[in-house]
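S.K.: This is the structure I have questions about; it appears just below.
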């Protein structure tokens, strides 16, 4: 997926208070791409991804991922 640099320009103009950590979190969500229906971000840093579920992105810890992989469906 090719990135649109105007998105970042608009984001910084509209939200100049974003911290580098928040910007990095948004960048990771942007990397997920347009098909968020199956998107999952695995991270220990749950705080920066609180609102990801509103975008249809599941956020889990590495421990939760291991549990999912070990639990038969």
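The values are calculated or read from the model by the stated rules, or taken from the named source; none is laboratory data. Quick caveat, the model's predicted, so the values are computed rather than measured. Cβ sites come from the backbone with ideal geometry, for glycine too, and all protein chains shown count toward neighbours.
S.K.: Looking at the range 52-67, which of its residues are loosely packed, with under 12 Cβ neighbours inside 10 Å and either within 15 Å of the chain's Cα centre (by Cα) or within 21 Å of residue 30 (Cβ to Cβ) (or both)?
M.R.: Across the range 52-67, the qualifying residues are 53, 54, 55, 62.
S.K.: Output the residues belonging to the range 1-51 that are surrounded by 11 or more Cβ atoms within 10 Å (Cβ to Cβ), assigned to a loop (DSSP other than H, G, I, E, B) and at pLDDT 80 or above.
M.R.: Result: 15, 18, 43, 45.
S.K.: Select from the range 52-70 the residues that are closer than 23 Å to residue 12 by Cα and part of a helix (DSSP H, G or I) and write down the one among them that is modelled with the lowest pLDDT.
M.R.: The qualifying residue modelled with the lowest pLDDT is 55.
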